[in-house]
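Undergrad: Supplied in structure tokens, the structure appears directly below.
The values are calculated or read from the model by the stated rules, or taken from the named source; none is laboratory data. Treat the numbers as computed from the prediction; the structure is a model and nothing was measured. No Cβ is skipped: glycine too gets one built from the backbone with ideal geometry, and neighbour counts run over all protein chains shown.
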Amino acid sequence: MKILIADKDNQAVKLLDLILKELKFEPIVCNSGEEAWRRFQSNNFPPVLIIDPNLPDISGFELLKRVRESKRGKVTYVIFLAPRGLRENLIAAYNAGVDDYIVKPFYAEEMKARLRSAKRLVTLQSNLLDRNILLEEMVYAVTHDMRTPLIAMEMTGKQAQEGIYGDLPESYKKILKTTEGSLKDLLSMVDNLLRVARYEAGKIERNTEPVDLLKVCQECLDELRPIYEKKGLNVRLLQDTLEVKLTIVRQDLKRVIFNLLDNAIKFTPARGSITLSVQKVQDKVIVGVQDSGRGVRAEEAKELFNRFARASGARHAPGTGLGLYMCRRIIEAHGGIIDCIPRKSEGEGTGTTFSFMLPVQN
Ligand SMILES: Nc1ncnc2c1ncn2[C@@H]1O[C@H](COP(=O)(O)OP(=O)(O)OP(=O)(O)O)[C@@H](O)[C@H]1O
Ligand SMILES: [Mg+2]
């Protein structure tokens, strides 16, 4: 296991080197923070780091921050090796996210014990991470392979309803219609999962284009009209501007607005109302979807943007709890924020507002 040491104190480094070799670590020794940061990246992110917080160039805290912020999907165990000092230093280090704090001069046996424990934890965490990745990949592979047969089934069902395979009694047609609905739900779930997978892998398309936001809003409303009209919902579009151009992947913007509207329709009882609003504020645009439905409890609001999160009262409605998660990934990838304003009072039916903000390029 590789271990990176960033310390200018030769005495300590020499002793460490001996201990590390005995424990079968491969040490990479650096004398400054910048060098450590460079070699951390060029050595495939060693899982254990021993850092002196008082490095000559960038501080150990800054180095720690960079290490923690670099998203690599790998485990890193960071130990601060500091001169004896104030208790506050130790507290500050733990608050900044170190895993262990050892005071100089250190006892060889204590250092060995702590490094063994570091090795144990890194191995455990890495195994968990690997398993997690494997599981995720499996889910996405299965999802992907489900797509084609689902589309085929949907098409065959449609053709059967149209009578291509001969005349069918009304009762059969009714069953086929219901099946078509279920297939559509499944397909939408599969598409959401695949979309999420792409964002998680950091593989978002860069073919962003100037997109007419209001046109996309109108398209979503048109596509959803049959559903909200059937429910007798009063849906309107409020806009304080005639044109907003956003630099974004068009299909993704549509997914976000579509999902917010789809949720509002799903969670608002018949004859309720929904307002889609577009507001331009300086170099930003705020899009809101307000409904008069069951609303969201304040303590649940933030949670709903997590994967597979569904509010306690929503289990009866169709869905997987991926929509808002996907919305968040898309909006954040484009430098925006998405939020939920929960219902005002405890009573259901006071509605809720989901809104997102995106920067507008003039
Ligand atoms: N307008 C809303 N009113 C009340 N609750 C909502 C509203 N929008 C979302 N929620 C709550 O947030 C949860 C998560 O929404 P999300 O769009 O992520 O998933 P979903 O609609 O349940 O399923 P999916 O979008 O994957 O088909 C919902 O299950 C519901 O509990
Ligand atoms: Mg949804």
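Undergrad: Report whether or not Gly319 is touching a residue at least 24 places away in the same chain (Cβ under 8 Å), within 15 Å of ligand 2 (Cβ to nearest atom), at positive phi and not assigned by TED's automatic domain parsing to the domain that holds Tyr140.
TA: yes
Undergrad: Which residues, counting only those in the stretch 138-160, are without any contact (Cβ under 8 Å) to a residue 40 or more places away in the chain and either outside the structural domain of Lys173 (by TED's automatic domain parsing) or of a type in the set (Ser, Thr, Tyr) (or both)?
TA: If the condition is that a residue be without any contact (Cβ under 8 Å) to a residue 40 or more places away in the chain and either outside the structural domain of Lys173 (by TED's automatic domain parsing) or of a type in the set (Ser, Thr, Tyr) (or both), then Thr148, Thr156 are the ones that fit.
Undergrad: Please give the helices (runs of 4 or more DSSP H) falling wholly within the stretch 1-112 in which 2 or more residues are at pLDDT below 95 and within 34 Å of the chain's Cα centre (by Cα).
TA: Here the list reads 33-42, 60-69, 87-96.
Undergrad: Okay, next question. Considering every residue within the stretch 22-40, establish whether at least one is on the phi > 0 side of the Ramachandran plot and basic (Lys, Arg).
TA: So far as the stretch 22-40 goes, yes, one or more of its residues are on the phi > 0 side of the Ramachandran plot and basic (Lys, Arg).
Undergrad: Turning to a different aspect of this structure: Taking the condition over 30 Å from Lys2 (Cβ atoms) and in the same structural domain as Leu253 (by TED's automatic domain parsing), does Leu213 pass? Before you say what the answer is, go through the steps one by one.
TA: On the way: over 30 Å from Lys2 (Cβ atoms): yes; in the same structural domain as Leu253 (by TED's automatic domain parsing): yes.
Criteria met by Leu213.
Undergrad: Are any residues in the stretch 278-311 more than 16 Å from ligand 2 (Cβ to nearest atom), surrounded by fewer than 16 Cβ atoms within 10 Å (Cβ to Cβ) and not hydrophobic (A, V, I, L, M, F, W, C), and if so, which ones?
TA: Gln282, Asp283, Lys284, Glu299, Lys302
Undergrad: Which one of these does Phe267 not meet: (1) modelled with pLDDT under 90; (2) in contact with a Lys or Arg (Cβ under 8 Å, 6 or more places away or on another chain)?
TA: Looking at each condition in turn, Phe267 falls short on (1).
Undergrad: Only one of Glu154, Glu162 is charged (D, E, K, R), surrounded by fewer than 15 Cβ atoms within 10 Å (Cβ to Cβ) and out of contact with any strand residue (DSSP E or B) (no Cβ under 6 Å at 6 or more places or on another chain). Can you tell me which?
TA: Checking each option against the conditions leaves just Glu162.
Undergrad: Do we have any residue at all in the stretch 298-305 that's more than 8 Å from ligand 1 (Cβ to nearest atom) and among the aromatic types (Phe, Trp, Tyr)? Lay out the reasoning, then the answer.
TA: Initially, the stretch 298-305 is screened for residues more than 8 Å from ligand 1 (Cβ to nearest atom), giving 298-299, 301-303.
If we keep only those that are among the aromatic types (Phe, Trp, Tyr) as well, we get none.
Scanning the stretch 298-305, I find no residue that is more than 8 Å from ligand 1 (Cβ to nearest atom) and among the aromatic types (Phe, Trp, Tyr), so the answer is no.
Undergrad: Take the conditions within 13 Å of ligand 2 (Cβ to nearest atom), without any contact (Cβ under 8 Å) to a residue 60 or more places away in the chain and part of a helix (DSSP H, G or I) and apply them to Arg328. Does it pass?
TA: yes
Undergrad: Something else now. Could you pull out the residue among Leu237, Leu261, Leu224, Leu253 that is modelled with pLDDT of 95 or more and buried (at least 18 other Cβ atoms within 10 Å of the Cβ)?
TA: Leu261
Undergrad: Looking at (1) touching a strand residue (DSSP E or B) at 6+ places or on another chain (Cβ under 8 Å); (2) within 16 Å of Val122 (Cα to Cα); (3) surrounded by 14 or more Cβ atoms within 10 Å (Cβ to Cβ), which is the one condition that is false for Ala12?
TA: So the condition that Ala12 fails would be (2).
Undergrad: Hey, can you tell me all the residues within the stretch 306-316 that are touching a residue at least 40 places away in the same chain (Cβ under 8 Å) and more than 6 Å from ligand 1 (Cβ to nearest atom)?
TA: Result: Arg307, single match.
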